[in-house]
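Input: a single structure, listed below in structure tokens.
The values are calculated or read from the model by the stated rules, or taken from the named source; none is laboratory data. In this text, all values refer to a predicted model and were calculated from it rather than measured experimentally. Using ideal geometry, Cβ is built from the backbone for each residue, glycine included, and neighbour counts are taken over all protein chains shown. The protein model used for the area step is the full one, side chains on, heavy atoms only, and it has no ligands, DNA or RNA in it. Shrake-Rupley method; radii C 1.70, N 1.55, O 1.52, S 1.80 Å.
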Amino acid sequence: MTDPLTLNIGLCGFGTVGQGVWKHLSANRAELESRLGVKLNLARVAVRDRKKPRTVKAPAARLTDDPLAIANDPSIDIVCELMGGTTIARQVTLAALRHGKIVVSANKALICEHGPEIIAAAQKHGGHFFFEASVAGGIPIIKALREGLVANRFPRIYGILNGTCNYILTQMEDQDAPYADVLAEAKRLGYAEADESLDVDGWDTAHKASVLAWLAHGVWIKTDQMIVEGISRITPADFKNATTLGFGIKLLAIITRDFAKNELCVRVHPTLLPEGNVIANVSGVFNAISVTGDVVGTTLYSGRGAGQDATASAVISDIADASSLLKHGKGAHLIGEATEIRSSGCRLAPPESIRSRYYLRLTVKDQPGVLARVASVMARQHVSIASVIQSPAETSGAASLVLTTHESNERAMRATLKQLRALSSVLDDPLLLRIGDFEG
Ligand code: NAP
Ligand code: HSE
């Protein structure tokens, strides 16, 4: 019997995710190697600061502060890019792919911004690019779309794709906790991006939506082609209002495809979901994704969407796929890896065409006639009011008005917002949320 093949792995990045990969790969090595039929050697590790104290320790001799040295090292078979950002991460990824190596990435920002260049480099030089950890942490949603659901076209994919935001929203709703305290805790737990605005302003969810839209529809959508709104304007009062109305509030990515018109729409925004909707009840760092396929119907996936362990699980699953390719012949592609075959040249739907019911919160002067003025602005835009809740605002002499609408569209609501902002009786910037009437 011949000795099993030994595969050398280079970790570029040894922070939350990198240390998680080291920890779990080391702990489960024997079982993993026996399942895969190869030896896995964590040969080199790149960090910015070699002297930084770390919870998980790698031998000093394996550390470097030059990640490109790992990408260019002929002895390394699999390069895991776990640094983040789009500068050095892009250089390392492209360098490794140009050597025909397999790159494993958790970096959704990089894929969203440079996906076509990366995939082209992999295809040109015989490398492979795996990215299970880039969307929804430990949920194998990339594999589900590529492999398990390969028979389908996807009229709708929606869900919670950011663990930090879901953790913050849940803590605000359940504990009435102040936003800043909860964000600090999400950072301490290793959920948040180095630049937390990527999380709370919706960009991280948008990067992940872009990756899913590409897998499902074969087109690259940039974040400036989407509506992207974050969670920083949601207050505990919005949760109370939403509960009164029978809704929860979640930051969602929504990817819809109208096959008759051949139009695709990708958007990210806080959404009121009916309280009976399963995704409305997904709490904390958990993510959840509803995927509707034209063959299978609606399927639902849930699990931890961020953090060291869940993300390491996804990275190690890519290392396993990489091992299988290296063992059985790297020329082969995994199912769905050549995603350009799905490309259908669909158009982007104009954002103004989105139809929805809406939730509108206004702080107004508590005076006679104010509600009538607000209603008249909405009537001029043919926006029909479904319900009104009035309560005292924090400022004296002011009231909080919460209106929901019957189905309308973005064009009418944008015009409504513009005219409301111009009213002297409206005291601060109105908050507009969309209502997601999704059954599954
Ligand atoms: P992190 O804790 O900030 O770790 C980043 C690591 O990269 C650190 O070890 C850092 O070195 C190293 N690094 C950064 N720039 C470098 C450079 N120029 N040269 C060498 N090393 C460099 O980040 P993370 O949370 O592990 O996230 C890593 C990636 O995974 C990101 O793309 C992120 O979006 C993605 N991701 C994260 C999670 C999560 O839950 N955290 C989940 C899914 C995906 P030092 O330690 O010396 O500073
Ligand atoms: N910051 C990201 C989140 C990490 O909170 O979801 C996982 O991609």
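Name the residue that is most open to solvent (accessible area, probe 1.4 Å), counting only residues in the stretch 1-23 that are of a type in the set (S, T, N, Q) and closer than 13 Å to K57 by Cα.
Let us first name the residues in the stretch 1-23 that are of a type in the set (S, T, N, Q), namely 2, 6, 8, 16, 19.
With the extra rule that they be closer than 13 Å to K57 by Cα, the set shrinks to 16, 19.
Details: T16: 61, Q19: 20 Å².
Among them, the one singled out is T16.
Identify all residues within the stretch 244-264 that are part of a helix (DSSP H, G or I) and hydroxyl-bearing (S, T, Y); write none if there are none.
T244
Give the stretch 120-133 a look and list any residue that's in contact (Cβ under 8 Å) with a residue 60 or more places away in the chain and open to solvent by less than 30 Å² (accessible area, probe 1.4 Å), or say none.
Within the stretch 120-133, H128, F130, F131, E132, A133 qualify.
Is it the case that the stretch 103-114 has a residue that's under 30 Å from D224 (Cα atoms), more than 9 Å from ligand 1 (Cβ to nearest atom) and either at pLDDT below 95 or surrounded by fewer than 24 Cβ atoms within 10 Å (Cβ to Cβ) (or both)?
The answer is yes, given that some residue of the stretch 103-114 is under 30 Å from D224 (Cα atoms), more than 9 Å from ligand 1 (Cβ to nearest atom) and either at pLDDT below 95 or surrounded by fewer than 24 Cβ atoms within 10 Å (Cβ to Cβ) (or both).
Report whether or not A186 is closer than 23 Å to I234 by Cβ and crowded, with 22+ Cβ neighbours inside 10 Å. Steps first, please.
On the way: closer than 23 Å to I234 by Cβ: yes; crowded, with 22+ Cβ neighbours inside 10 Å: yes.
For A186, the condition - closer than 23 Å to I234 by Cβ and crowded, with 22+ Cβ neighbours inside 10 Å - is met.
Could you give every pair whose Cβ atoms fall below 7 Å, whose first residue belongs to the stretch 305-320 and is in contact (Cβ under 8 Å) with a residue 40 or more places away in the chain, and whose second residue is among the polar types (S, T, N, Q) and more than 11 Å from ligand 2 (Cβ to nearest atom), counting only separations of at least 6 or pairs across chains?
Q308/Q19
Pull up the stretch 41-61, narrow it to residues that are open to solvent by 30 Å² or more (accessible area, probe 1.4 Å) and assigned to a strand (DSSP E or B), then point me to the one that is nearest to ligand 1 (Cβ to nearest atom).
Quick first cut of the stretch 41-61, residues open to solvent by 30 Å² or more (accessible area, probe 1.4 Å) only: 41, 44, 48-55, 57, 59-61.
Narrowing the set further to residues that are assigned to a strand (DSSP E or B) leaves 41, 44.
Values: N41: 20, R44: 12 Å.
Among them, the one singled out is R44.
Looking at the stretch 202-221, which of its residues are closer than 24 Å to Y191 by Cα and open to solvent by 30 Å² or more (accessible area, probe 1.4 Å)? Walk me through it before giving the result.
The first filter runs over the stretch 202-221 and keeps only residues closer than 24 Å to Y191 by Cα, leaving 202-213.
Matches in the stretch 202-221: W203 only.
Pick from N281, N277, N262: which is touching an Asp or Glu at 6+ places or on another chain (Cβ under 8 Å), over 30 Å from P4 (Cβ atoms) and open to solvent by 30 Å² or more (accessible area, probe 1.4 Å)? Working first, answer last.
Numbers: N277 fails: open to solvent by 30 Å² or more (accessible area, probe 1.4 Å); N262 fails: touching an Asp or Glu at 6+ places or on another chain (Cβ under 8 Å).
Going through N281, N277, N262 in turn, the sole match is N281.
Can you pull out the residues in the stretch 184-202 that are closer than 17 Å to K250 by Cβ and among the hydrophobic types (A, V, I, L, M, F, W, C)? Please lay out each step first, then the result.
Here is the first cut: in the stretch 184-202, the ones closer than 17 Å to K250 by Cβ are 186, 191, 199-202.
Those that are closer than 17 Å to K250 by Cβ and among the hydrophobic types (A, V, I, L, M, F, W, C): A186, V200.
Within the stretch 62-86, which residues are more than 13 Å from ligand 1 (Cβ to nearest atom) and part of a helix (DSSP H, G or I)?
Taking the stretch 62-86 first, the residues more than 13 Å from ligand 1 (Cβ to nearest atom) are 62, 72-78.
Scanning the stretch 62-86 gives a single hit, R62.
So, in the stretch 50-68, how many residues would count as being more than 16 Å from Q19 (Cα to Cα) and in contact (Cβ under 8 Å) with a residue 24 or more places away in the chain? Before you say what the answer is, go through the steps one by one.
Start the filter on the stretch 50-68 by keeping residues that are more than 16 Å from Q19 (Cα to Cα), which leaves 61, 66, 68.
Next, from what is left, pick out any that are in contact (Cβ under 8 Å) with a residue 24 or more places away in the chain: 68.
The number of residues fulfilling the criteria is 1.
Name the residues in the stretch 24-40 that are within 16 Å of V315 (Cβ to Cβ), open to solvent by less than 80 Å² (accessible area, probe 1.4 Å) and not in a helix (DSSP H, G or I), would you?
L40
Out of A30, A71, A89, I need the residue that is hydrophobic (A, V, I, L, M, F, W, C), at pLDDT 95 or above and within 16 Å of ligand 2 (Cβ to nearest atom). Which one? Can you show your working first?
Working: A30 fails: within 16 Å of ligand 2 (Cβ to nearest atom); A71 fails: within 16 Å of ligand 2 (Cβ to nearest atom).
The conditions single out A89.
Look through G15, G10, G20, G37 and report the one residue that is over 20 Å from D309 (Cα atoms) and of a type in the set (G, A, S).
Values: G15 fails: over 20 Å from D309 (Cα atoms); G10 fails: over 20 Å from D309 (Cα atoms); G20 fails: over 20 Å from D309 (Cα atoms).
That would be G37, the only listed residue that is over 20 Å from D309 (Cα atoms) and of a type in the set (G, A, S).
Can you tell me how many residues within the stretch 157-176 are open to solvent by less than 20 Å² (accessible area, probe 1.4 Å) and either of a type outside the set (A, V, I, L, M, F, W, C) or at pLDDT below 95 (or both)? First the steps, then the outcome.
First, pick out the residues of the stretch 157-176 that are open to solvent by less than 20 Å² (accessible area, probe 1.4 Å): 157-166, 168-170, 172.
Next, only the ones that are either of a type outside the set (A, V, I, L, M, F, W, C) or at pLDDT below 95 (or both) stay: 158-159, 162-164, 166, 170, 172.
Final tally of qualifying residues: 8.
Read through the list (1) away from ligand 2 (no atom under 15 Å from the Cβ); (2) open to solvent by 30 Å² or more (accessible area, probe 1.4 Å), then give the number of the only condition that T64 fails.
Looking at each condition in turn, T64 falls short on (2).
Looking at R233 and the list (1) within 15 Å of P270 (Cα to Cα); (2) open to solvent by 50 Å² or more (accessible area, probe 1.4 Å); (3) within 16 Å of ligand 2 (Cβ to nearest atom), which single condition is not satisfied?
(3)
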